[in-house]
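This report refers to the structure that appears directly beneath it.
Any read-out appearing in this document is the output of simple, stated calculations on the displayed coordinates, not a laboratory observation. No experiment lies behind these values; they were computed from the predicted model shown. Note that we place each Cβ from the backbone using ideal geometry, even for glycine, and neighbour counts take in every protein chain shown.
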Amino acid sequence: CKVPFTLAWQMRVDPQNMQMKEWLQSGELGRVFMVRRRHGLPMGLSPDFADSWHVNPALNRDIWADDSSHPIDFIHWLLGVPETVTAELESLYNPRIPNDNGIAIFRYPGGPIAEVSCSFTCTAAENTTEIICEKGSIIQNYGDVPSCNVARTAGAAGLKRYSPGSGGWIESDIPSPDNHSHRIRGLAKPLAEFLRGERAPLATAEDGMTSLRMVLATYVSSREGRRVALSDNSIQNA
């Protein structure tokens, strides 16, 4: 029998993320040259975090695999499957917390070039997504914990785009939530719709396997100092 299955990737149903994907798919901004997604958490600065399940290899790989998987899946969802992955992962604060900072670059033949930058020792930030296109740019702010949970300028736009003919930034009317927990709660409705058979999966098992390979390829690249094809057999043993 067939069993309904979905992965609960919050970034795939975030309204602002969906708006960015719609803008790109419409073609109004032309070719996409570069995408950068910054994502972070401050918990790596807490002394107690080193004793949490996040860094217990019997329960979890490490914080990089745990949380970078979200922006990495965002890149997969937004742009498709990359050809190669290059990454640098380091433990920069507490040696008991592996890979608390890292950068991954995803290569798509002919473009775009995509970057995921994650710091789990980050107390505050603002910009979350930058997309550079032939006919303009997209900026998203306040899309993760360090940017969403700290004080911001009243009325500041969370999502905006620019095109040369517009004469300025065009702000989206999709508001940024007051804190990141509100973004996570946004999963409830689409998950309920899936369970009622009213919508397709947020992400299939195949989607999940591809995103997992993208994450594991970052470990191979960082460890071996090379560009790693997503078809590389060494990913299986990463």
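Observations on the structure shown:
- Looking at the range 75-152, the trypsin sites (Lys or Arg not before Pro) that sit in a DSSP loop and have at most 12 other Cβ atoms within 10 Å of their own Cβ are Arg96.
- Positive minus negative residues near Asn60 (Lys, Arg vs Asp, Glu; Cβ under 15 Å): -3
- Extension gain for Glu126-Met34 works out to 31.2 nm (0.36 nm per residue, less the C-alpha to C-alpha distance).
- By the rule of a C-alpha distance below 20 Å, with chain neighbours fewer than 8 residues away ignored, the aspartates and glutamates paired with Lys160 are Asp14, Glu22, Glu28, Glu115, Glu126, Glu130, Glu134, Asp144, Glu171, Asp173, Asp178.
- DSSP-loop GluC sites (Glu not before Pro) across the range 1-93, with at most 16 other Cβ within 10 angstrom: Glu28, Glu83
- GNM remark for the chain: springs join alpha carbons under 10 Å apart, and the peak mean-square fluctuation among Ala65, Ala124, Ala188 falls on Ala188.
- FRET efficiency, 1/(1 + (r/R0)^6) with R0 45 Å, evaluated for Ala58 and Trp169 via beta carbons: 0.40
- For semi-axes √(5λ) of the Cα gyration tensor in Å, the value calculated from this model appears in [x] 48, 24, 19; [y] 27, 22, 21; [z] 33, 27, 20 under label [y].
- Cleavage-rule hits, GluC sites (Glu not before Pro), the range 183-213, DSSP coil, Cβ neighbours within 10 Å at most 15: Glu198
- As a calculated quantity, the FRET efficiency between Ala188 and Asn94 at R0 = 30 Å, using C-beta atoms, amounts to about 0.30.
- Here the Gaussian network model covers the chain, with springs between Cα atoms less than 10 Å apart; of Leu195, Leu79, Leu159, Leu195 fluctuates the most.
- GNM remark for the chain: springs join alpha carbons under 10 Å apart, and the peak mean-square fluctuation among Asn94, Asn141, Asn17 falls on Asn94.
- FRET efficiency for the Val150 to Ala50 pair, using the beta carbon distance and R₀ = 25 Å, is estimated at 0.55.
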